[in-house]
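Below is one structure; the comments refer to it alone.
The values are calculated or read from the model by the stated rules, or taken from the named source; none is laboratory data. The model shown is predicted, which means the values in this text are computed figures rather than measured ones. No Cβ is skipped: glycine too gets one built from the backbone with ideal geometry, and neighbour counts run over all protein chains shown. We work out accessible area using only protein heavy atoms, side chains counted, and drop any ligands, DNA or RNA first. Shrake-Rupley method; radii C 1.70, N 1.55, O 1.52, S 1.80 Å.
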Amino acid sequence: MHLKHISKSNFLKHHSIPILLYRSIPLMCSLALLLLVSSLVVVDHNNNEVYAEEGIETYATTANPTATLQISNSSLKDVVSPGSTSYVSSDVNITAQDITDYTLIISGPTNLSGTTSITGAGGKTGDSLTDNTWGYAWTDPDTDDKGLTYSSLSENGSTLASGKATSLDISKKLTFAAKFAEDATSGHYKANVTLSLAATPREVATGFNGIYDMQDMTADICSSATIGQTGSLEDVRDGSIYTVGKLTDGNCWMTRNLRLVDYTTTEDDSQTRGFTIPNEAANFTGINNNAAYYPGDTDYGAYYSWYTATAGTGTAELTSGNASGSICPKGWRLPTGGSGGEYQALINGGVSDWATNGSKNGYWIGANGSGGGAFFSVTGSYNDDTLGDVVGGYYWSSTADDGGGAYRLRFNQSSAPFLYEGKVKYSGFAVRCVADDDRTLSDITKMQDMTPTICSNTSIGTTKTLTDSRDNSTYTVGKLSDGNCWMTQNLRIVNKTITPADSDVTGAFTIPASSTSGFSNYDIANAYYSNDASYGAYYSWYAVTAGTGAQSMSSGNAASSICPRGWRLPTGGSDGEFQILYNKWTPATWTTYNGKNGRWLGAPSASGGAFFPAAGYYDESSPRDIGSNGSYWSSTAYSNNSAFNPYFYSSTITFTDRSPKYLGFSARCIAR
């Protein structure tokens, strides 16, 4: 047997021709039953199964699936006279490796060919066969032939054995029995009988950034991967293969739904040890019910109650915060939910129009395909023992909303993905896992390394100097008293084309070269940098929003910015992020720091605050109020002509000021 690996796009063009291996088995002299038994291991390539036939070059979709079917030691048990039953037995040995399921089928005619009609046995034992009948029995070795029940064959085939298995090593006995009447015409009676084994090859993990098992994922492995990098890993718990990828939010995600059921987790293979996952559709009824069910569709995956998805840590008593455990593989966990959670951060990277992937409907979230996004298919949900609402997708997060509810990702064709909280902990939803990351701000070196998880893991008041990989500028950053991570220096990148690989954009955008001319027209990208790192550069709103903040935008937040990847512009207005930071330390008095006038927001530096210098601004090519005024762009439009900007003098500070979009203001970035 020779196996060859080719791509799926090619293997559909290749078809093997079965070879039937006949073994004649003599029965008697005067009335001979010639059973021509063929051993055939077959596969339909169009159904992604594996052939293994002697003497034929065959093709497989994995590196080394093997399968053999051998019939040997055929022997005539007794030489008997007409009117008595005779038996012919053969040993059957079946082996297979690297498969997921198999089916063994026997097929042949109901009647023997010959002068007298010899029909099927019809389920009688060997010692009670009717005259001129014959049949087969499939049994363990060393069984008594006479007491076996013999069945009629079928040209369409009958299944002898089937099931899910990763390997096979089966030894059986195939026995034929025939009884000829005294008046049967002498001659040879024969039938072609075929045993066929069909096996589906086990999918093989292609690997991801040097690993092949889900349980080998670490923060360093994910960190060193590039946005958009994909692969597949094996869950050692049940052999399932999952596609994974590093998405636009900087996290590594499973990009297929979890389908683990009927399993007890351990310390070595799961985030939470010693939790038994059931496989029963009838228990989606109570908040603290352990309920899971896998109908068998690998795209939809399994359905879990919140209690089960969180490995029993998400109970009715947990009314806020994140459940501490999950049924995700070791090194992975449930994504966080809510407006500041990881699902939301992924949504912020972009959502496609309603789409179809394979045979499933849903949305690409993060970005399409290889651009760093993942497809989330409609899944429906289980309640009681019924699957319903299979027009929408529902995915659990780790975050509780109240005693009865938890945050979930929800969508359907008329509403793009959004986070929804409700009293639905008992419902059966799908699960995606995100790679666990225990790093903090202290563990990273580049601005582009920042993720929501890293910021969340970091203590308030922690600071670090990071490098912007786009131009090698360095910036101090810190986790401030509002719980967010901020740049604590003004942005100063100019004269650079940025892309989604390094910036907060969905397509390429060119930040203009430094120039004092301009700052007078809407929808024009202007930038100026005087080489004063404390004041940073000045940008028009169109420039700082990477072209997404046009004059036509009259409200809401610009979709992109020239901030590094993993960062964005803060929101503005009376409930914006600048205002929230100010509210954490209301004195915010005018002061001098490193030779510059300005204000501390949040708190003094060591307590989780940041200094905002009075960098002034540019208007019609002219600098204004440098040293006495601070104006910072937010992402929030106020009208067609203006956007919100925090604004302060020595005696005044306001966060609801709005200014013409063409002015040149400073920029700070906040981590997504």
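As an equivalent ellipsoid, the chain spans semi-axes of 72, 24, 19 angstrom, where each value is the square root of five times an eigenvalue of the C-alpha gyration tensor, largest first. When Trp585, Trp486 are compared by accessible area of protein heavy atoms, the largest-first order is Trp585, Trp486, using a 1.4 Å probe.
Here are some pairs, Lys330/Lys464; Lys246/Lys596; Lys360/Lys446; Lys496/Lys584; Lys330/Lys496; Lys330/Lys584; which of them have Cα atoms lying more than 32 Å apart in this structure?
Numbers: Lys330/Lys464 30 Å; Lys246/Lys596 41 Å; Lys360/Lys446 38 Å; Lys496/Lys584 35 Å; Lys330/Lys496 41 Å; Lys330/Lys584 38 Å.
From the list (Lys330/Lys464; Lys246/Lys596; Lys360/Lys446; Lys496/Lys584; Lys330/Lys496; Lys330/Lys584), the Cα-Cα distance tops 32 Å for Lys246/Lys596; Lys360/Lys446; Lys496/Lys584; Lys330/Lys496; Lys330/Lys584.
Per-residue extension of 0.36 nm, minus the Cα-Cα distance of Ser186 and Ser622, leaves a gain of 145.3 nm for this segment.
Eigenvalues of the Cα gyration tensor times 5, then square-rooted: what semi-axes does that give for the range 169-290, in whole angstrom, largest first?
Each semi-axis is √(5λ); the values are 51, 23, 13 Å.
In the chain, a dipole from Cβ-located charges (positive for Lys and Arg, negative for Asp and Glu) runs towards its positive end, and of Ser196, Leu258, Pro82 it is Leu258 whose Cα lies farthest in that direction.
Rolling a 1.4 Å probe across the protein heavy atoms gives the chain an accessible surface of 39 Å² per residue. The heavy atoms of Val477 offer some 0 square angstrom of accessible surface to a 1.4 angstrom probe. In whole angstrom, how far apart do the alpha carbon centroids of the range 562-594 and the range 519-537 sit? Each part's Cα centre sits 19 Å from the other's. How large is the helix-only mean residue ellipticity at 222 nm for the chain, computed as the sum of -39500 (n - 2.57) over DSSP H runs with n ≥ 4, divided by its residue count, in deg cm²/dmol to the nearest 500? Theoretical 222 nm ellipticity from helices: -1000 deg cm²/dmol.
Basic side chains Lys and Arg get +1 at the Cβ, acidic Asp and Glu get -1 at the Cβ, and with that the dipole of the chain about its Cα centre reaches some 1860 debye. Pairs of Cα atoms nearer than 8 Å and 6+ residues apart set the relative contact order; for the chain it is 8 percent. For Lys179, the aspartates and glutamates whose Cα comes closer than 12 Å to its Cα, not counting residues fewer than 8 places off in the same chain, are Asp127, Asp131. Of the solvent-accessible surface of the range 259-383, computed with a 1.4 Å probe and all protein chains present, 41% belongs to carbon and sulfur.
Bridging of Lys425 to lysines at a Cα separation below 16 Å is possible for none of them, once same-chain residues fewer than 8 apart are set aside.
Across every direction, the projection of the convex hull enclosing the Cα atoms of the range 498-598 has a mean area of 8.1 nm².
Measuring only protein heavy atoms, the 1.4 Å probe finds Leu480 accessible over about 0 Å². Put simply, when 639-645, 654-660, 563-569 are sorted by average Cβ atoms within 10 angstrom per residue, most first, you get 563-569, 639-645, 654-660. Ranked by the mean number of other Cβ atoms within 10 Å of their residues, highest first, the peptides 299-306, 350-357, 226-233 fall in the order 299-306, 226-233, 350-357.
Return, ordered by residue number, the residues of the range 190-209 whose backbone nitrogen is under 17 Å from a label point located 7 Å along Cα→Cβ of Lys446. Under 17 Å, as judged by backbone N against the label point of Lys446, lie 209 of the range 190-209.
Heavy-atom accessible area, probed at 1.4 angstrom with all protein chains present, ranks Lys496, Lys425 as Lys496, Lys425, highest first. A 1.4 Å probe, protein heavy atoms only, puts the accessible area of Phe648 near 10 Å². How many angstrom separate the Cα center of the range 217-280 from the Cα center of the range 373-393? Between the Cα centre of the range 217-280 and that of the range 373-393, the gap is 20 Å.
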